[in-house]
Amino acid sequence: MKYFTNELVAAANDWIEQTEQRRLDAERQFLETVKQYNRSLQDLKPRISRQAWNFFEHGYGRWGLHDGRLISFEIGDGLDYRPDGSSPFRINHQRTTASVRFLNYEQDLLYTFDLRGISRVRSDLLRCEGPKWHLGDLFTYEIVAVDENLLQLGFLFASGASIVAHFTKLIFHRKRIERKYPAGEMYR
């Protein structure tokens, strides 16, 4: 993550032991980082779809993914290949792609980030602990330019875990889901 590092987020949210002055300094730094990030988004407007840009520019609160849950993170040379015997998996002709899917906190919106032209992916569990290893809720996310060709998409989880990918093209989808169960069921 370029802007929203685990250290910055942890300090600004008082997840670490620190003095009151250091917490206030971290909160100020976090707010300044948000401003810097929002300015950087302006340069990305011509490089990503309007729907994707609107999500990153205005995707907070009800329309954002804060406290969302990771459904799946896939990477491979054949995400769109069906191994049903009807066509060959052509050796050295496939392109590496990745797909990241999240369900928002209210569990009524499904977000899909399909990444093309993958050149780098990094994921780590950092502070995940105990017998139930999990990533936890999504804390924040960002998209930034690496250079004139590559973009970087990063996700930071409340557990400290992260996923960061470098790619050339983002295909973004948001789909409304009709939840047929009470909201309280997600906590059982």
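None of the figures in this text is laboratory data; all of them are computed from the coordinates on show. These figures come from a predicted structure and were not determined experimentally. All Cβ positions, even for glycine, are placed from backbone atoms using ideal geometry, and neighbour counts span all protein chains on display.
Data for the structure
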| read-out | value |
| --- | --- |
| Point-charge dipole on Cβ atoms (K/R +1, D/E -1) for the chain, about Cα centre, debye to 20 | 640 |
| Summed side-chain charge close to Leu41 - residues other than Leu41 whose Cβ falls under 15 Å, Lys, Arg +1, Asp, Glu -1 | +3 |
| Gyration tensor verdict on segment 131-188 (Cα atoms; rounded if a/c is under 1.5, prolate if a/b is larger than b/c, oblate otherwise) | oblate |
| Angle in degrees between helix 20-44 and the longest Cα principal axis of the chain, rounded to the nearest 10 | 40 |
| Listed residue (Gly136, Met1, Thr96) projecting farthest to the positive dipole end of the chain, Cβ model | Thr96 |
| Given (i) 57; (ii) 64; (iii) 72, the label whose value is percent of Cα pairs over 19 Å apart derived from this model | (ii) |
| Two-decimal Rg/Rh across segment 64-174, once Rg and the Kirkwood Rh are taken from alpha-carbon atoms | 1.01 |
| Three semi-axes of the equivalent ellipsoid, segment 1-89, Cα gyration tensor, whole Å, largest first | 37, 19, 12 |
| Relative contact order (%) - criterion: Cα under 8 Å, at least six apart; region: the chain | 21 |
| Cross-link reach list, lysines versus Lys45, counting only Cα pairs under 17 Å and skipping chain neighbours closer than eight places | Lys35, Lys169 |
